[in-house]
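Colleague: So that we are looking at the same thing, I have put the structure below in structure tokens.
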Amino acid sequence: MSDSTKYTPPKVWTWDKDSGGKFANINRPIAGATHEAALPVGKHPLQLYSMATPNGVKVTIMLEELLALGFSEAEYDAWLVHIGEGEQFASGFVAANPNSKIPALVDHATATPTRVFESGAILLYLAEKFDAFLPKEFTARTETLNWLFWQMGAAPFLGGGFGHFYAYAPEKLEYPIDRYAMEVKRQLDVLDKQLSERNFLAGDDYTIADICVYPWYGLLVQGGLYEAGEFLSVHEYTHVKRWADAIKARPAVQRGRLVNKVWGDEARQLKERHSAADIDAVLAQSRAGA
């Protein structure tokens with residue numbers, strides 16, 4: 001490393017310039033709203049405010065899986081929160097999630113509307129509300145929660161660590177990319193060893209653990225995250241790939257991945273979702289263009 005790239009931290013850090021990179025315009029060291037804007041509310045009790053990032057997709061997959069099981073009460077409105085434009089700092093969204101991160105869910109079926117934020121908390125809330133995708137037996141339930149919370153702790157190394165420095169940072173730096181690439185590969189090896197012995201993360205049954213982990217690590221080994229598959233040699237993780245392919249094939253997963261999506265193939269984008277017909281229309285359009 002040359003002397004020109006060395007950095008000596010000041011005694012006291014101050015925010016006197018933006019951080020650079022893709023998300024510099026929305027990064028700031030303080031919380032709270034930057035502007036007034038109420039959240040829209042649709043006709044269904046469940047109101048989701050999100051975007052089709054890996055964390056957002058977890059929840060739309062879960063809701064579509066619940067609908068596929070026949071839970072009509074899982075019908076939902078999904079409103080786009082465009083995080084690149086700072087919509088997560090609107091006063092209404094901050095009231096739903098003071099951490100200003102998507103996704104946020106508001107359940108109007110309760111006596112007073114219940115806010116739920118953090119994607120893992122939303123999955124657990126919905127699993128308990130509908131008694132689905134979470135085993136009742138104590139040991140099996142605990143194993144499911146082990147992997148649910150594993151993902152919540154592990155993914156920041158993949159997203160905010162590896163993803164940031166590999167894909168979004170204003171310059172490529174060897175040390176952080178090497179550090180986080182090593183950690184992501186270790187995490188993939190953890191998953192691969194686990195999945196070498198069972199069909200799904202917590203056992204033979206598909207659970208909220210799989211729904212939580214797939215949008216990050218499943219998409220990574222399928223080449224859909226940061227275009228880093230070759231760099232990370234994801235072909236080595238054959239058991240993760242087998243598991244990811246099985247989840248990708250589920251119709252509810254395919255439906256959930258379309259919701260609040262505003263990039264990629266225009267025929268497979270759905271800015272907002274207010275009924276099953278909205279997704280049906282996108283799928284019909286996509287098939288027509290195939």
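The values are calculated or read from the model by the stated rules, or taken from the named source; none is laboratory data. Source: prediction; values computed, not measured. Note that we place each Cβ from the backbone using ideal geometry, even for glycine, and neighbour counts take in every protein chain shown.
Colleague: Being small (Gly, Ala, Ser) and either part of a helix (DSSP H, G or I) or within 26 Å of residue 189 (Cβ to Cβ) (or both) is the filter here; which residues of segment 255-264 pass it? Walk me through how you get there before you give the answer.
Modeller: At the first step, the residues of segment 255-264 found to be small (Gly, Ala, Ser) are 256, 264.
Listed by number, the list holds a single entry, 256.
Colleague: Under the condition of being part of a helix (DSSP H, G or I) and buried (at least 16 other Cβ atoms within 10 Å of the Cβ), which residue from segment 168-184 is nearest to the chain's Cα centre (by Cα)? Before you say what the answer is, go through the steps one by one.
Modeller: Within segment 168-184, the subset part of a helix (DSSP H, G or I) is 168, 174-184.
Right, trim to buried (at least 16 other Cβ atoms within 10 Å of the Cβ) and you get 177, 180-181, 184.
Numbers: 177: 22, 180: 19, 181: 20, 184: 16 Å.
That would be 184.
Colleague: With respect to the numbered conditions (1) in contact (Cβ under 8 Å) with a residue 60 or more places away in the chain; (2) in a loop (DSSP other than H, G, I, E, B); (3) over 18 Å from residue 160 (Cα atoms), which one is the sole condition not fulfilled by residue 37?
Modeller: If we test residue 37 against (1) in contact (Cβ under 8 Å) with a residue 60 or more places away in the chain; (2) in a loop (DSSP other than H, G, I, E, B); (3) over 18 Å from residue 160 (Cα atoms), just (1) comes out false.
Colleague: Would you please list the contacts, defined by Cβ atoms under 7 Å and residues six or more apart or on different chains, that run from a residue in segment 186-206 that is in a loop (DSSP other than H, G, I, E, B) to a residue that is buried (at least 17 other Cβ atoms within 10 Å of the Cβ) and modelled with pLDDT under 95?
Modeller: none
Colleague: Turning to a different aspect of this structure: Inside segment 47-75, can you point out the residues that are crowded, with 23+ Cβ neighbours inside 10 Å and in contact with an Asp or Glu (Cβ under 8 Å, 6 or more places away or on another chain)?
Modeller: 48
Colleague: Moving to a separate point now. Of the residues 252, 228, 267, which is in a helix (DSSP H, G or I), more than 17 Å from the chain's Cα centre (by Cα) and surrounded by fewer than 22 Cβ atoms within 10 Å (Cβ to Cβ)? Give the derivation first.
Modeller: Details: 252 fails: more than 17 Å from the chain's Cα centre (by Cα); 228 fails: in a helix (DSSP H, G or I).
After ruling out the rest, the residue left standing is 267.
Colleague: Collect the residues in segment 154-165 that are more than 13 Å from the chain's Cα centre (by Cα) and surrounded by fewer than 21 Cβ atoms within 10 Å (Cβ to Cβ), keeping them in residue-number order. Give the steps one after another, and end with the answer.
Modeller: Within segment 154-165, the first condition is being more than 13 Å from the chain's Cα centre (by Cα), and the residues that meet it are 157, 161-165.
Residues satisfying the conditions are 157, 161, 164.
Colleague: Within segment 147-163, is even one residue part of a helix (DSSP H, G or I), farther than 22 Å from residue 60 by Cα and among the aromatic types (Phe, Trp, Tyr)?
Modeller: Yes: one or more hits.
Colleague: Need the failing condition index for residue 99 against (1) surrounded by 18 or more Cβ atoms within 10 Å (Cβ to Cβ); (2) over 25 Å from residue 191 (Cα atoms); (3) not aromatic (Phe, Trp, Tyr), just the number.
Modeller: (1)
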